[in-house]
1. Sort out which residues of segment 246-277 are modelled with pLDDT under 75, over 21 Å from GLY235 (Cβ atoms) and open to solvent by less than 90 Å² (accessible area, probe 1.4 Å), and write them in order of number.
2. Can you tell me which residue in segment 153-170 is farthest from ligand 1 (Cβ to nearest atom), limited to those that are within 16 Å of the chain's Cα centre (by Cα) and not aliphatic (A, V, I, L, M)?
3. Here are some conditions: (1) within 16 Å of ligand 1 (Cβ to nearest atom); (2) open to solvent by less than 10 Å² (accessible area, probe 1.4 Å). ASN72 meets all but one. Which one does it not meet?
4. Looking at LYS175, LYS210, LYS170, LYS214, which one is under 21 Å from ILE4 (Cα atoms) and open to solvent by 50 Å² or more (accessible area, probe 1.4 Å)?
5. Looking at the structure I just gave you, is LYS26 more than 14 Å from ligand 1 (Cβ to nearest atom) and either on the phi < 0 side of the Ramachandran plot or not β-branched (Val, Ile, Thr) (or both)?
6. Could you pull out the residue among LEU194, LEU160, LEU185, LEU230 that is touching a residue at least 24 places away in the same chain (Cβ under 8 Å), hydrophobic (A, V, I, L, M, F, W, C) and buried (at least 19 other Cβ atoms within 10 Å of the Cβ)?
7. Please list, ordered by first then second residue, the pairs with beta carbon atoms under 7 Å, 6 or more apart or interchain, first in segment 93-107 and more than 16 Å from SER50 (Cβ to Cβ), second more than 12 Å from ligand 2 (Cβ to nearest atom) and open to solvent by 20 Å² or more (accessible area, probe 1.4 Å).
8. Could you list all residues from segment 114-143 that are part of a helix (DSSP H, G or I), loosely packed, with under 13 Cβ neighbours inside 10 Å and of a type in the set (D, E, K, R)?
Amino acid sequence: MKKISFVLPIYNEEQNIPELYKRLIKVTKQIVDKYKVEFVAINDGSIDKSLDELLKIHYKDERLIVVNFSRNFGQQAAITAGLDIASGDAVIIMDADLQDPPELSLDLIKKWEEGFDVVYAQRRTRKDNIFKKITAYIFYRLLDSIAEIKIPKDTGDFRLIDRRVVEALKNYKEKNRYIRGLVSLVGFKQTCILFDRQERFSGTTHYNFKKMIKLATDAVVNFSNFPIQLISKIGLVLFFLSILWLPVMMYIDLYPQNTVLSNVLEAIVLLITLIGSIILISLGIIGIYVIRIHSEVLARPIYIISSIYKKND
Ligand code: UDP
Ligand code: MG
């Protein structure tokens, strides 16, 4: 019998875990005579009672494997661990806050049965606050316009991936991970289904502004050279502009009238600050790449597991 694994990254979701489990059980009941089912919950350094909630379920239902991180490593790390540990023939990645409706898994599985290796769930609508909606809208479109590969827009990590894709993903060792991009990179037969993203069942988002920026920069830097190439393009434009500036200077040398001179001095000050700020911004962009090169060279582990609760262990 084939097995379906659910990978559930969990960070401070104590209020959501019982409901998530309830809904997952209801949904998977419809497939248990066809497939074995496994749930891999990764407790990503929660500081609430998430671990207790998970263990309560684990001791009743050993199909729930609990992976406990030594600290918070982030959702992408949690998903990576989940993919490393899940043993299913198909793996469904799903948020634990019920924004990704568990019921949709049945549609994902149906597409997989039709022969697709990746079935991602694309958001037709989303119920999030206005700030999240706007930033997400801009981010997906910006990434789409500069990424060197096609990464589906308005699509989170909610998806089903076949075992072969899971194995392919394991070959990507990068530390600053943007898993959605990696899934696009591996190829295979991919398709999407549309859904309406729900509100969080309980609590508020754990993606603060800093985490959002980190994920967005990982996406851009890992899948596009546009920012770093932009620097030399700006440099070229400025170079030609400064050549155009030469005749102006010569004109001033010929007619050194006071008013023109003071205007030109103002323009020069403006230009110096403008070019200075462009240089600093450019250094910042290069810095973003250098930080990532540095962290890849350090090759620190993506995550550290402090304990695994699994049958026979
Ligand atoms: N999450 C995680 N580690 C983190 C932040 C979030 O494992 O550091 C989990 C979280 O518990 C949830 C999923 O990742 O299951 C998505 O997080 P969240 O709902 O906060 O993000 P949003 O839906 O607002 O983008
Ligand atoms: Mg959420």
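The values are calculated or read from the model by the stated rules, or taken from the named source; none is laboratory data. Bear in mind the structure is a predicted one, so any value in this text is a computation, not a measurement. For neighbour counting, all protein chains shown are included, and Cβ atoms are generated from backbone atoms with ideal geometry for every residue, glycine included. Protein only, heavy atoms only, side chains kept; ligands, DNA and RNA dropped before computing areas. Shrake-Rupley method; radii C 1.70, N 1.55, O 1.52, S 1.80 Å.
1. Within segment 246-277, ILE252, VAL260, LEU261, SER262, VAL264 qualify.
2. Among those that are within 16 Å of the chain's Cα centre (by Cα) and not aliphatic (A, V, I, L, M), it is LYS153.
3. Tallying (1) within 16 Å of ligand 1 (Cβ to nearest atom); (2) open to solvent by less than 10 Å² (accessible area, probe 1.4 Å), ASN72 fails exactly one: (2).
4. The match here is LYS170.
5. Judged against the criteria, LYS26 is a match.
6. So the residue among LEU194, LEU160, LEU185, LEU230 that is touching a residue at least 24 places away in the same chain (Cβ under 8 Å), hydrophobic (A, V, I, L, M, F, W, C) and buried (at least 19 other Cβ atoms within 10 Å of the Cβ) is LEU160.
7. Once the first residue is more than 16 Å from SER50 (Cβ to Cβ) and sits in segment 93-107, its partners that are more than 12 Å from ligand 2 (Cβ to nearest atom) and open to solvent by 20 Å² or more (accessible area, probe 1.4 Å) give PRO102/ARG23; LEU106/GLN30; ASP107/ILE193.
8. If the condition is that a residue be part of a helix (DSSP H, G or I), loosely packed, with under 13 Cβ neighbours inside 10 Å and of a type in the set (D, E, K, R), then ARG141 is the only one that fits.
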